[in-house]
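Only one structure is covered here, and it is reproduced in the block below.
The values are calculated or read from the model by the stated rules, or taken from the named source; none is laboratory data. Because the structure is predicted, anything quoted here is derived from the model rather than measured. Because the Cβ atoms are built from the backbone with ideal geometry, glycine has one as well, and the counts that use them run over all protein chains shown.
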Amino acid sequence: MTPEHNHPAGLLTAAERQSLTDPEASTTDSTVNYQRVRDRLRAALKDCQVLYPTLRDTDIAAVFCPDNEREQQIIKASTQDALGLLTLGMLRNDDLIEIRIVDAIRAAALASGEMATVELELFRDPMPTVEQFHSHVDTDGLTKTTLAAYEQLLWESTAAPSKIAAVSNELGFEMSAADIQAAYQTPSPFVRPPQAAVVQIDATQPDETTSK
């Protein structure tokens, strides 16, 4: 989630963007016409069918490779949010997610002058209860998948705060039932938790010299 208000209108107007990210705003706020938002998003998806095969490489680089480091971070986080939104749509309409993503990466790599081998397996299970989550952690440890499920449990207000607090403390996260209850009651503009995006990774390149 990248709440930037001082930029030109895209899918949202400045007023819509402000209202949608304001925790005090009502979901029925007249500032946001959800039908118009849906129409614009649908039209933007159709525009991607035109832009993918026609947008010049220089234009793509100008959008996704800005010189400003802060702007680069915003673009990377926004790209992940866009991917999340597209994936959410594919989950909702039971689309062929693996095929879509693998084919898209392969085609984009070829368009960049590279050959990419892509393997993706998606296993979908119902969200675990607090008890089931605890069992998963006992068995597998706190992996990326279980950590994401834990964050969702913190977000999900139908779970009993006392149960989540008990699991949190066993995982080493000091949270009381009162803390979790207070978080549930805090106004939020979001209908789902924002994504955490890695926007900068410093990696040391391996030494390519070889001994003879």
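Looking at region 93-113, is at least one residue polar (S, T, N, Q), in a helix (DSSP H, G or I) and closer than 26 Å to Gln152 by Cβ? I'd like the intermediate steps shown before the answer.
Let us first name the residues in region 93-113 that are polar (S, T, N, Q), namely 93, 112.
Next cut, in a helix (DSSP H, G or I) only: none.
No, region 93-113 has no match at all.
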Qualifying residue in region 79-99 (condition: in contact with a Pro (Cβ under 9 Å, 6 or more places away or on another chain), under 30 Å from Pro187 (Cα atoms) and not assigned by TED's automatic domain parsing to the domain that holds Ala178): yes
Members of region 156-169 that are surrounded by 15 or more Cβ atoms within 10 Å (Cβ to Cβ) and of a type outside the set (Gly, Ala, Ser): Pro161, Lys163, Ile164, Val167
